[in-house]
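Please treat every number below as a calculation from the coordinates, not as lab data. Just so it is clear, the structure is predicted and the values come from calculations on it, not from any experiment. So basically every Cβ, Gly included, is an ideal-geometry build from the backbone, and we count neighbours across all protein chains shown.
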Amino acid sequence: MASSTISPYSTSFITEKKGLGWSAFSSPSPSPFPIPKCKKSISKTIVSVMSPQQSERRPATTGSVKTALTMTEKIFARASKKPQLIPGENVWVNVDILMTHDVCGPGSIGIFKKEFGQDAKVWDREKVVIIPDHYIFTKDERANRNVDILRDFCNEQDIKYFYDIKDLGNFKANPDYKGVCHVALAQEGHCRPGEVLLGTDSHTCTAGAFGQFATGIGNTDAGFVLGTGKLLLKVPPTLRFVMDGEMPDYLQAKDLILQIIGEISVAGATYKSMEFVGSTVESLTMEERMTLCNMVVEAGGKNGVVPADSTTFKYLEDKTTLPYEPVYSDAQARFLSEYRFDISKLEPLVAKPHSPDNRALARECKDVKIDRVYIGSCTGGKTEDFMAVAKVFLASGKKVKVPTFLVPATQKVWMDVYTLPVPGSGGKTCAQIFEEAGCDTPASPSCGACLGGPKDTHARMNEPLVCVSTTNRNFPGRMGHKEGQIYLASPYTAAASALTGFVTDPREFLQ
Amino acid sequence: MAVCRSTTAISLSRNPNFSTTNPKPSLSFLSPPSLKLPSILPSFKPLTSQSPPDQRLSIPRATAADSATPTTTSTTFFHGHCYVVGDNIDTDQIIPAEYLTLVPSKPDEYEKLGSYALIGLPATYKTRFIEANQTKTKYSIVIGGENFGCGSSREHAPVALGAAGVAAVVAESYARIFFRNSVATGEIYPLESEVRICEECKTGDLITIELMESKLINHTSGKEYKLKPIGDAGPVIEAGGIFAYARKTGMIPSHAP
């Protein structure tokens with residue numbers, strides 16, 4: 001990505017404020033960017049530096065030191081029962097929810113049994129959520145066995161929330177089956193403001209959309225949590241992203257996060273928390289906030305958070321009866337850096353192969369011929385993602401020019417695709433619009449081909465094809481073939497690209 | 001269990017930097033030392049060549065051994081040939097998703113995971129990390145650039161490297177979850193170089209890493225490099241992961257019930 005092509009819009013709408021942090025993190029640097037940057041995402045001309053606005057910490061008049069905290073720091077403070085803490089501190093955190101799935105569950109269970117004993121019980125049968133979702137509709141025997149291991153464990157431990165699947169021939173015959181864990185966690189009410197949610201999947205950070213701390217951990221750490229309900233975690237410093245301005249109707253949260261990752265690189269937030277605020281963020285639906293937080297790990301982030309508000313509370317109304325207590329960053333809280341974006345000036349983006357920070361404008365890639373389009377995953381397989389795709393198809397009235405694969409994230413999303421009317425369509429469902437546009441029939445809900453998976457996975461790239469995808473990663477081999485090329489894009493951009501057979505800016509159809 | 005663990009002869013009590021009687025061991029292993037000084041991380045240059053010439057070498061497994069004179073400072077070291085990769089080596093390249101059905105805690109599947117380590121590298125890497133029909137690598141040290149191990153949280157990634165026979169990875173920086181999983185499992189030492197050495201070392205070069213002195217010697221090129229100290233993560237990896245470490249230090253009961 002040539003920086004020159006980015007700078008025309010970047011200059012006008014990004015500013016970064018740094019130097020709000022602690023001395024350990026804010027050592028003076030001649031560079032306006034405190035963050036090591038990837039070569040692919042350089043846009044040197046964009047930054048204007050603002051002077052620090054916040055005062056030094058000082059002891060309160062009572063004599064005890066009162067420190068302003070960020071949201072993430074407050075969640076850590078509560079979960080570790082410490083009144084004060086600072087970034088960099090290692091604290092034992094009480095876990096509210098531990099989620100695992102069929103890829104990492106068996107290994108985590110193996111470690112739990114080895115370390116705590118064959119007869120050991122999990123710390124809380126109502127706080128362990130087990131969601132088979134990765135390799136479900138496959139003849140791969142080991143993959144099938146892994147779901148069996150989860151089932152045996154859940155029976156033995158009397159796990160309350162196990163979303164089982166037994167009949168692989170017809171997912172609808174499995175009322176308990178959900179699908180993609182991160183979307184299911186939200187839909188089933190396991191995501192609650194102020195809590196700590198850990199999962200054996202890097203996209204566990206999705207749940208930060210609910211104003212909670214959520215991050216991915218490995219099998220060994222998960223084995224420890226299963227036995228103790230606690231984990232030693234380092235308090236991360238926070239990067240704050242302020243997004244203001246009215247979001248144009250051709251943009252989606254996917255464009256926002258691709259913009260940010262392109263800005264700070266795939267390692268720009270390593271070990272850090274990413275907090276999203278501003279009028280644009282406030283205007284986003286819960287599903288869009290989930291998209292935003294979902295990809296913080298693609299910038300190396302430990303977690304992402306959006307402050308809980310009336311949108312959050314409304315979403316939770318019919319999903320949980322458990323009490324929760326949201327927390328918010330103090331006005332004087334210390335942020336490592338602050339980035340400001342005027343979203344009204346942003347254009348639809350893609351991430352070109354083979355890195356999520358390889359940002360380009362969709363319109364700059366209009367000559368890239370594509371072989372297929374994939375709509376699905378925890379990032380881009382939610383109900384609103386399919387509604388967005390249907391909106392573009394409806395606006396164009398045309399048929400797709402390349403195979404277009406649709407993999408709803410969960411059973412609930414699948415039902416929505418087949419039942420919810422698309423606004424302005426005269427009562428048609430997404431499924432009807434997709435059929436008229438010539439798409440592949442919506443597949444059984446699962447992680448699908450987002451991460452390749454077993455050879456018989458639906459829509460897996462078994463040849464070196466070019467794909468526009470609403471998923472989250474475009475590393476070599478991610479969707480199957482090592483020479484496959486993946487362009488990450490919003491559902492709007494993916495739908496527009498399906499209609500032309502080239503990477504396409506959705507404004508061609510939405511205006 | 002990685003071979004490096006069993007061949008690491010150094011004992012905890014002999015390590016002057018570590019005391020088994022310490023009731024509250026420091027656990028700042030949760031991140032690499034570089035976090036403390038983010039501003040000193042070098043900006044990186046484009047990788048000029050990712051296809052070093054193929055070299056036929058008979059290479060022994062890395063060994064880590066303690067000093068011949070245990071009364072002096074311990075000098076745990078690794079010695080072996082290196083395999084050189086570039087920036088942003090993600091977990092899909094380290095162990096592609098189609099092999100994730102293998103469960104690392106099952107010994108036979110652990111071995112199998114090792115045989116697929118780094119199989120996801122693109123064809124531009126002319127030298128295979130593991131020869132066809134082999135289950136172990138002849139390269140006991142992997143040298144990489146920035147952000148090694150980015151991507152998914154799959155613990156299969158450090159496990160696959162460890163199971164293949166890798167003792168240490170030396171990179172400029174690591175993705176958070178990969179670093180933590182490496183330490184938690186004790187599978188590999190995730191070491192950080194102070195400078196960008198992935199462009200100065202070639203696959204097949206003979207390397208010695210002196211852990212206590214935080215030093216890497218490339219015998220083939222004759223150059224020597226400083227590494228960032230592994231710090232408190234060292235004893236955890238040496239013990240064989242967090243559970244083994246916690247037992248050794250009395251943080252949890254010494255035997256599984």
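In this structure, the residue pairs whose Cα-Cα separation is over 27 Å, taken from A:166/A:428; A:352/A:382; B:112/B:138; A:74/A:382, are A:166/A:428; A:74/A:382.
Placing a pseudo-label 7 Å from each Cα along the Cα-to-Cβ vector at residue B:111 and residue A:462 gives an inter-label distance of 3.0 nm. Counted by neighbouring Cβ atoms within 10 Å, the residues A:133, A:456 run from fewest to most as A:456, A:133.
Using a Förster distance of 30 angstrom, determine the FRET efficiency expected from the C-beta separation of residue B:194 and residue A:86, and round it to 0.05. Before the final figure, lay out each step's value.
Values: r = 27 Å, r/R0 = 0.89.
Using R0 = 30 Å, I get an efficiency of 0.65.
For the cross-link pairs A:230/B:202; A:82/A:302; A:139/A:319; B:106/B:248, which exceed 32 Å when the distance is taken from alpha carbon to alpha carbon? Numbers along the way, then the final one.
Values: A:230/B:202 43 Å; A:82/A:302 21 Å; A:139/A:319 34 Å; B:106/B:248 24 Å.
Correct reply: A:230/B:202; A:139/A:319.
Our estimate of slack between residue A:455 and residue A:160, defined as 0.36 nm per intervening residue step minus the Cα-Cα distance, is 102.9 nm.
Over 19 Å between C-alpha atoms is what I'm after, so list which of B:136/B:228; A:272/A:345; A:369/A:399 land there. Please list the in-between numbers first.
Details: B:136/B:228 28 Å; A:272/A:345 27 Å; A:369/A:399 17 Å.
Checking Cα-Cα distances, B:136/B:228; A:272/A:345 exceed 19 Å.
Sort B:220, A:410 by Cβ crowding within 10 Å, fewest neighbours at the top.
Neighbour counts put them in this order, fewest first: B:220, A:410.
Would you work out if region A:351-510 is rounded, prolate or oblate? Take a ≥ b ≥ c from the square roots of the eigenvalues of the alpha-carbon gyration tensor; rounded if a/c is under 1.5, else prolate when a/b is larger than b/c, oblate otherwise. Note, shape of region A:351-510 comes out oblate. Taking the Cα of residue A:344, stepping 7 Å toward and past its beta carbon, and measuring to each backbone N in region A:234-278: which are under 16 Å? Residues A:243-251, A:278 qualify, since their backbone N sits under 16 Å from the label point.
Would you mind finding the longest exposed-site-free stretch of chain A, with exposed trypsin sites (Lys or Arg not before Pro) meaning DSSP loop and at most 12 other Cβ atoms within 10 Å?
Numbers: sites that count: A:81, A:139, A:166, A:455.
By the stated rule (loop sites, at most 12 other Cβ atoms within 10 Å), A:167-454.
A DSSP coil position with no more than 16 other Cβ atoms inside 10 Å describes the following GluC sites (Glu not before Pro) in region B:107-155: B:131. Of all beta bridges that DSSP places with both ends in chain A, some 30 percent have antiparallel geometry.
What whole number of Å gives the distance from the Cα centroid of region A:97-122 to the Cα centroid of region B:228-257? Here the answer is 19 Å between Cα centres.
In whole Å, how far is the Cα centre of region B:100-140 from that of region A:307-335? If we compute the Cα centre of each part, the gap is 45 Å. Taking R0 as 60 Å, what FRET efficiency do you get between residue A:94 and residue B:131 from their Cβ-Cβ distance, rounded to the nearest 0.05? For R0 = 60 Å, the calculated efficiency reads 0.80. Solvent-free Debye calculation, one equal scatterer per alpha-carbon of region A:234-349: log10 I(q)/I(0) at 0.13, 0.14, 0.17 Å⁻¹ equals -0.50, -0.58, -0.85.
Label sites at residue A:432 and residue A:140, each approximated as a point 7 angstrom past Cα along Cα to Cβ, lie 3.8 nm apart.
Of all DSSP beta bridges in region A:351-510, what percent run antiparallel (nearest 5)? List each step's numbers first, then the result.
Values: 4 of 16 bridges.
The antiparallel proportion sits near 25 percent.
Our summary of shape: the Cα atoms of chain A have principal axis extents of 70, 62, 42 Å, ordered from largest down, in whole angstrom. Treat each spin label as a single point 7 Å out from the Cα along the C-beta direction, and report the residue A:415 to residue B:221 distance in nm. Once both label points are built, they end up 6.0 nm from each other.
When all alpha-carbon pairs of region B:73-168 are counted, what percent fall beyond 24 Å?
Pairs farther apart than 24 Å: 17 percent.
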